[in-house]
Structure formats: structure tokens, C-alpha cells
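The structure appears right after this line, and notes come after that.
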Amino acid sequence: MISYLKGKIIYKGDHFAILETGGVGFKVFLPEAYLLKSKTGEIIEVFTHEYVREDSRDLYGFGTAEELRFFWQLIDISGVGPKMAHRLISAYKLEKLEKAISEGDLGILGTIPGVGKKTAQKIILELKGKLVTGNSISGDNEIVDALVRLGYSKNEAQEAVGKIGEEVEGAENKIKAALKNLGK
């Protein structure tokens with residue numbers, strides 16, 4: 001799976017650019033703001049999601065890993081495909097989308113072409129409370145959810161996560177530390 005590309009823009013089209021890297025041209029769909037600030041001939045770096053279907057293979061690119069993580073959260077929602085998720089991220093800055101979701105603002109999400117009221121409600125329902133602006137998109141809720149799926153009660157999981165020190169970074173390490181707390 002192609003997860004990252006660094007290359008020279010050799011062509012810009014509507015919603016995409018062709019990046020030449022290692023003598024190969026990759027068509028990468030990019031958010032409008034990122035595409036507008038990039039120039040043909042410029043070398044850029046993008047985090048990508050490769051979407052493979054029976055009849056096509058698409059690359060969706062993002063300027064930051066946070067945008068890519070948010071994209072993954074969106075496509076995990078039933079009814080939200082990669083094109084719609086990419087449109088959402090293209091329409092607004094990540095912070096504005098996260099704020100709209102956390103505040104339950106259907107108006108902002110509903111202005112995006114292809115996102116109807118029901119889809120906007122579903123996105124808010126699925127992601128509200130799971131978003132944290134900054135480097136950790138899903139925060140400690142992700143760790144609590146993982147522990148609940150392992151069979152612990154929500155209260156036990158929240159208590160164990162609350163005991164994790166600030167120095168522990170990364171979801172995997174936080175889960176291990178929480179499990180140690182639960183074992184005591």
C-alpha cells in the first residue's frame with residue numbers, strides 16, 4: 001500500500017496532481033487548499049491512502065498525517081466513502097471540521113456537496129467526543145474503547161487510562177500501560 005510520496009508536481013488538474021517520483025507518475029487527489037498553494041515543478045510530500053476497487057485504483061493525498069488519520073476515521077463510517085471524506089477535508093480546515101463535529105453543527109457539514117442531512121448526522125454521531133484537535137485525533141477515548149472491546153467495563157477502562165502518565169505516547173503503549181494498571 002502506498003502511504004507516502006515525495007515528488008515533483010508535473011501536472012495539476014481539477015482536484016488532483018500528478019507527482020513524478022522515481023521516474024513514475026502518480027495521480028494523487030489533493031485537498032483544494034494544498035493544491036492551490038503548490039506549483040507545477042515544485043517538490044512536495046504527501047501522506048496517502050490507496051483505495052483499490054475492482055475497476056480502479058485511487059490515491060488520496062494529504063499535507064499532514066493528522067488529515068490522513070481524520071480521513072481514515074471518516075471512511076470507517078458506513079455511507080462515507082473516500083471521495084466524500086476527501087471532499088469534507090478539502091472544504092474546510094481540519095480544526096473547523098473537528099469543531100463542527102464536536103458542536104454538532106449540521107450547517108457546516110451540510111454545505112459540502114454530496115453530504116446530506118442524514119450523512120452529516122451520522123458523521124456527528126459517530127465522531128462526536130472522539131475528536132481532539134492537535135496531534136492526537138481520537139485521544140484517550142480510543143484507548144477506553146479498545147479496553148471495553150477486550151471485556152473491561154467502561155468505568156474500569158476510564159480509571160486505568162486516567163492513571164497513565166503523561167510521558168506515555170502512542171496508542172499501543174497507552175493500551176499496554178492501561179492493561180498493566182488493570183492487572184494491579
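Filtering the stretch 16-37 to residues that are of a type in the set (A, V, I, L, M, F, W, C) and over 22 Å from Gln73 (Cβ atoms) leaves Phe16, Ala17, Ile18, Leu19, Val24, Phe26, Leu35, Leu36.
Being out of contact with any Asp or Glu (no Cβ under 8 Å at 6 or more places or on another chain), touching a residue at least 12 places away in the same chain (Cβ under 8 Å), more than 25 Å from Ile44 (Cα to Cα) and aliphatic (A, V, I, L, M) is a property that does not hold for Ala171. Within the stretch 164-184, restricting attention to residues that are part of a loop (DSSP other than H, G, I, E, B) and under 26 Å from the mean Cα position of the chain (by Cα), the residue that is modelled with the highest pLDDT is Ile164. Under the condition of being touching a helix residue (DSSP H, G or I) at 6+ places or on another chain (Cβ under 7 Å) and surrounded by fewer than 18 Cβ atoms within 10 Å (Cβ to Cβ), which residue from the stretch 125-137 is modelled with the highest pLDDT? Within the stretch 125-137, the match that is modelled with the highest pLDDT is Lys128.
Which residues, taken from the stretch 141-168, are surrounded by fewer than 17 Cβ atoms within 10 Å (Cβ to Cβ), touching a residue at least 24 places away in the same chain (Cβ under 8 Å) and among the hydroxyl-bearing types (Ser, Thr, Tyr)? Across the stretch 141-168, there are no qualifying residues. Going by the conditions given, is Thr40 more than 30 Å from Asp76 (Cα to Cα) and either touching a helix residue (DSSP H, G or I) at 6+ places or on another chain (Cβ under 9 Å) or of a type in the set (S, T, N, Q) (or both)? Yes. Of the residues making up the stretch 18-60, those that are small (Gly, Ala, Ser) and more than 20 Å from the chain's Cα centre (by Cα) are Gly22, Gly23, Gly25, Ser38, Gly41, Ser56.
The values are calculated or read from the model by the stated rules, or taken from the named source; none is laboratory data. Because the structure is predicted, anything quoted here is derived from the model rather than measured. So basically every Cβ, Gly included, is an ideal-geometry build from the backbone, and we count neighbours across all protein chains shown.
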